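What follows is a set of notes on a single structure, which appears directly below.
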Amino acid sequence: YNTDGRGFVRSLERETGRSPRGAGVLLLGAGGAALAIAVSLARAGAGSITVANRTVTKAEALVEQLGGLVAARAVPLDPGDPRFEESLSQAQIVIHTTTVGMYPHHEAPPLIPVERLDAGALVCDIVYRPRETALLRAAKARGLQVLTGEGMLAYQGAIAFELLTGRAAPEELMLEILRERLAPGA
C-alpha cells in the first residue's frame, strides 16, 4: 500500500473542510508523492488535475499513469509559459510536492507567483519541516487558505497503522505528538 495520497486527501478534508470533488487541481512536481496524491484525488472525484514540472516529460509520464481516471494534462512549471499561467489562474487547489522550501533550504522562494491565484484558491505544501514554508507564508499574506504537510504525514501514518493492525488509529494523539516533535527547537 501507498498511504501518502489517502493521507493527503484525509488531511485536506478534515483540516480545510474542502473536498476535492469537482475541483480543478494544480499539482506542482511529478515525483512519487505527486503520483500518490494525484491518484487519490482522482479517486476522490477531482474535476481535473494539471501536473506542472520543470521536466515536462516527467509530468507527462505522471499524467499517463493516471490512465484516464480524471481529466489531466501536463504543463511546464514555468511562470512565463501561457499553459502554466492559465492553469495557475484557474486552480482551485494548488499542491506543492517538490522539495523546494524544505529544510535546510527553507528560505528558497516559492516556485509560483501566488498573486496570480484566484482569491478562493487553497494552497497546500506537503513539506512539514518547516511547518510554514515560504510558499505558505506568501499565500497567507495574500489571504489565501493554506494547508501544511503535517496532516498528510500524520494521516498516512494512521492509515498505515489501520492497515497493519486492523484497529482504528489514535489520530488525535498522533497529530499531537507529531506537532510536538516538529516544533521549533524540538
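Below, the figures for the structure above:
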quantity	calculated
Distance from region 130-186 to region 1-68 (C-alpha centre basis), Å	18 Å
Phi-based couplings in Hz for region 110-123 (Karplus 6.51, -1.76, 1.60; Gly and Pro marked x)	x, 6, 10, x, 5, 5, 8, 7, 5, 4, x, 5, 9, 10
Rg over Rh, two decimals, region 89-132 (C-alpha only, Kirkwood Rh)	0.98
Relative packing of 75-84, 159-168, 139-148, 46-55, which averages over residues the other C-beta atoms within 10 Å, highest first	46-55, 139-148, 75-84, 159-168
Sites residue 174 and residue 107, calculated FRET efficiency, Cβ-Cβ separation with R0 30 Å, nearest 0.05	0.55
Zero-based 5 Å bins, Cα pair distances in region 76-186, whole percents	2, 12, 18, 19, 17, 12, 9, 6, 3, 0
Sequence-distant residues sharing a close amide H with residue 146 (under 5 Å, placed H)	123
For the chain, size of Cβ-based charge dipole, Lys and Arg +1, Asp and Glu -1, in debye	140 debye
Accessible carbon and sulfur surface of the chain relative to its total accessible area, %, 1.4 Å	51 percent
Magnitude of the charge dipole, region 110-172, Cβ model with Lys/Arg +1 and Asp/Glu -1, debye to 20	220 debye
Rg/Rg_ref, the chain, where Rg_ref = 2.2 N^0.38 Å and atoms are Cα	0.99
Farthest positive-ward along region 1-109 dipole, Cα basis, beta-carbon charges - from 105, 50, 68	68
Cβ-based charge dipole, the chain, positive-most Cα from 27, 91, 155	155
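The values are calculated or read from the model by the stated rules, or taken from the named source; none is laboratory data. Values in this document were obtained by computation on a predicted structure and should not be read as measured data. Note that each Cβ is placed from the backbone with ideal geometry, even for glycine, and that neighbours are counted across all protein chains shown. Note: areas computed on protein heavy atoms with side chains; ligands, DNA, RNA excluded. Shrake-Rupley method; radii C 1.70, N 1.55, O 1.52, S 1.80 Å.
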